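> Before we start, here is the structure in question, set down as structure tokens.
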Amino acid sequence: MLVGSHLSIAGGMHLAVQSAVRLGLDCVQVFTKNQRQWKVKPLGQAEVADFRAAVKDAGWDKDPERRLVSHNSYLVNLASPDAASRAKSRALQLEETERCEALGIPWCVMHPGAHLGVAGDAKDEAAGIRRLAAELDAIHRATKGFRTVTCIENTVGSGTNLGGPIEHLAAIRAAVKDPERVAFCFDTCHATAFGHDMSTSAKAKAFWKRFGDAVGTEHVAVIHCNDSKGALGSHLDRHEHLGNGACGEACFAAIAHMRAFRDVPAIMETPKEGKLRGRDPDRANAAWLRALALALCASVAAVALGGCRPWAKTQSEAMADRSGTALAPTPEEAARLRRAQDVAQRGEYQEALGEFRSLLAENPRLAAAQVGAGAVTLEQGDLRAAQRSYEAAIKADARNVDAWVGLGRTHAAAGRPEEAVKAYRAALAIAPADMRAVSGIADALEATGSGPAAIPFLERLSADAAADSDAWTRLGRAYLAAGRTADASAAFEEAVALGEVGEATLDGMIAAYTAEQRYAEASSAAGEFARRWPSSAASERAAWLAFRAGDYERAIVAYRAAAEQDPRSTKAWNGIGVCALNSWLLSDRLDGTSREEARRAFERSLEVDAAQPQVEKLLRTYAP
């Protein structure tokens, strides 16, 4: 799934592309000008060059149709019955199309406008659609040969606005003379606010069947993923963070899972202010959406391990789909199960195990008792007994998530990560939101050396509302190992924002900043690391980064600290010498104190290790 956001063009449109890359997004939507003004400043050659350069730097020039979207001015109304108003709107939309073509933006989103007659009147709606189609035809004639396509967006259908009923979209495309120049942008908030109910899987499936028959999902070129503040059918166009509104998780899950939308840019137009779950709203919403897509297919692990096709079910998933033969516990058995679980939680494993086995002797198909026995024996380190218990539970009830998760943990403890992945994937096939399985898959993939394959699962963990600093730190380290340094820096920043900073978090942040050559930030983080966990090595790293950042005063202070912590550190003495020598040279060789400190530092370094020809040369040349 391609996840992006509508980003600000303040300071230049190219900055929106750079921001999208920094945020780890796959695509971006922009205004190419002020969207609330009729007067348009001509697009400058420098603006075009900067934007195209940013697109190329991002690697998006190879597939712009998957990456770049423009939204036209809100003032345009090509369906108006007033000829002068339509002419003004046509000129503005023509300008927008020309700007998109110059910038290399393939999709231009446009609201269908309002017919301004009687609300709900079919004749007025049809007349508005005819006017809209005629104006689009005129724009297409004026831009013959252009690649930019106009994407008509569905609306909340308030007042006389067109685009609420999906039949309006089909009628618009059918009315234009060059339908290949027209596609659609589907907005989830607008659809829900109009009254299209996709709040359950069944309702979402039924809606998209109806949409496909009437409009054609193949004509959807852009998706706006926005939750709705307004209730179903409220006709209120107010966007909400994903998962927090009236659309329902199933609405977004259906889109994330549809093959027709796999290469369609999904643009978020959600609120930008403040923090969402302790982090940047775009990052948090994107992570939520990606986690939802991953929960549905959970195919990355199988592909990375050379397993089945991405959209095929594994044997364990197929087994999980079949109904088991478990019997529900009787009230008496349920009470005994709770008592045995309480005993196990107190660490009285043998007593608990005895009770679980007593229950199984009376009812061998009691899956919950098998799971309890598996958990106890796994805790005791009896992996064979644990595996037998979990497999027996699965045999009794193939849809028992706890049994699949327990089996995954058992395989992992036994050093069988590939088998663990299969078990965890079976759990996800039953319960896509089970974070135990998601975490287990990430652990197992990392254990097999498939670090990059673990990243989507770590992203799911980080997107969870309960995600803590450790989850983001773990994701940051995975990004860093995969060479995704910008993503790594962002993940470590989120980790710092969420909780007490540990050594692993700060160490990873320093490494990520250094890899990005953000030396000033790396130096600051390294200085804090050395303050919290003092050592000669920590001080040396802080000093080196300060030197790379050009902060020579901070560098020499840190090198002095390193030398105090380890008087035999040649790195520390050489660092003091170089910094002091640098200060002497920058003073036009007038600062004799710095030169003397450099001489003493180099001499101390040579006392520790005489085999340093470069240090000897510096001493002879600058401080004899």
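> Which members of the stretch 215-244 meet the condition of being over 23 Å from the mean Cα position of the chain (by Cα), within 22 Å of H6 (Cβ to Cβ) and of a type in the set (D, E)?
Hit for the stretch 215-244 is D237, nothing else.
> From the residues in the stretch 120-135 that are at pLDDT 95 or above and either in contact with an Asp or Glu (Cβ under 8 Å, 6 or more places away or on another chain) or not charged (D, E, K, R) (or both), which one is farthest from A91 (Cα to Cα)?
Restricting to residues being at pLDDT 95 or above and either in contact with an Asp or Glu (Cβ under 8 Å, 6 or more places away or on another chain) or not charged (D, E, K, R) (or both), the top hit is A122.
> Working only within the stretch 27-42, note down all residues that are of a type outside the set (K, R) and surrounded by fewer than 18 Cβ atoms within 10 Å (Cβ to Cβ).
Hits for the stretch 27-42 are N34, Q35, Q37, W38, V40, P42.
> Could I ask something else about it? In the list R357, R365, which residue meets the criterion of being over 20 Å from A429 (Cβ atoms) and without any contact (Cβ under 8 Å) to a residue 24 or more places away in the chain?
So the residue among R357, R365 that is over 20 Å from A429 (Cβ atoms) and without any contact (Cβ under 8 Å) to a residue 24 or more places away in the chain is R357.
> Among the residues of the stretch 150-159, is there at least one that is within 18 Å of L232 (Cα to Cα) and free of Cβ contacts under 8 Å to residues at least 60 places away in the same chain?
For the stretch 150-159, residues within 18 Å of L232 (Cα to Cα) and free of Cβ contacts under 8 Å to residues at least 60 places away in the same chain: present.
> For the stretch 402-429, give me the residue count where each residue is of a type in the set (V, I, T), at pLDDT below 95 and within 23 Å of P329 (Cβ to Cβ).
Selection size over the stretch 402-429: 0.
> Just the residues that are farther than 16 Å from S73 by Cβ and among the β-branched types (V, I, T), please, taken from the stretch 103-157.
If the condition is that a residue be farther than 16 Å from S73 by Cβ and among the β-branched types (V, I, T), then V118, I129, T143, V149, V156 are the ones that fit.
> Additional query: Can you name the strands (runs of 3 or more DSSP E) wholly within the stretch 1-113 that have at least 1 residues being over 22 Å from the mean Cα position of the chain (by Cα)?
68-71, 107-110
> Inspect the stretch 71-90 for any residue being out of contact with any His (no Cβ under 8 Å at 6 or more places or on another chain), aromatic (F, W, Y) and either loosely packed, with under 15 Cβ neighbours inside 10 Å or under 25 Å from E180 (Cβ atoms) (or both) and give the result as yes or no.
Checking the stretch 71-90: not a single residue is out of contact with any His (no Cβ under 8 Å at 6 or more places or on another chain), aromatic (F, W, Y) and either loosely packed, with under 15 Cβ neighbours inside 10 Å or under 25 Å from E180 (Cβ atoms) (or both).
> Moving to a separate point now. Confirm whether A79 is within 19 Å of I172 (Cβ to Cβ) and either of a type in the set (D, E, K, R) or assigned by TED's automatic domain parsing to the domain that holds I172 (or both).
Taking the combined requirement at face value, the residue satisfies it.
> Test each condition in (1) surrounded by fewer than 24 Cβ atoms within 10 Å (Cβ to Cβ); (2) in contact (Cβ under 8 Å) with a residue 24 or more places away in the chain for A206 and report the one that comes out false.
Condition (2) is where A206 drops out.
> Is at least one residue of the stretch 143-166 more than 24 Å from M268 (Cβ to Cβ) and assigned to a helix (DSSP H, G or I)?
Within the stretch 143-166 (the criterion being more than 24 Å from M268 (Cβ to Cβ) and assigned to a helix (DSSP H, G or I)), the answer is no, since none of the residues qualifies.
> Go over the candidates S583, S587, S605 one by one and state the one that is buried (at least 21 other Cβ atoms within 10 Å of the Cβ) and hydroxyl-bearing (S, T, Y).
None of the others qualify; the one that does is S605.
> Looking at the stretch 516-534, can you tell me whether even one residue there is surrounded by fewer than 18 Cβ atoms within 10 Å (Cβ to Cβ), at pLDDT 90 or above and on the phi > 0 side of the Ramachandran plot?
Checked against the condition, which is being surrounded by fewer than 18 Cβ atoms within 10 Å (Cβ to Cβ), at pLDDT 90 or above and on the phi > 0 side of the Ramachandran plot, the stretch 516-534 yields at least one hit.
> Further question: Would you be able to say whether some residue in the stretch 162-173 is farther than 30 Å from H196 by Cα and either among the charged types (D, E, K, R) or modelled with pLDDT of 95 or more (or both)?
Taking every residue of the stretch 162-173 in turn, none turns out to be farther than 30 Å from H196 by Cα and either among the charged types (D, E, K, R) or modelled with pLDDT of 95 or more (or both).
> Does the stretch 385-433 hold any residues that are charged (D, E, K, R), touching a residue at least 24 places away in the same chain (Cβ under 8 Å) and surrounded by fewer than 20 Cβ atoms within 10 Å (Cβ to Cβ), and which are they?
K395, E418
> Can you work out which of the residues in the stretch 434-463 that are assigned to a helix (DSSP H, G or I) and polar (S, T, N, Q) is surrounded by the fewest Cβ atoms within 10 Å (Cβ to Cβ)?
The extreme case among them is S439.
The values are calculated or read from the model by the stated rules, or taken from the named source; none is laboratory data. Remember, it's a predicted structure, so these values are computed and weren't measured experimentally. Cβ sites come from the backbone with ideal geometry, for glycine too, and all protein chains shown count toward neighbours.
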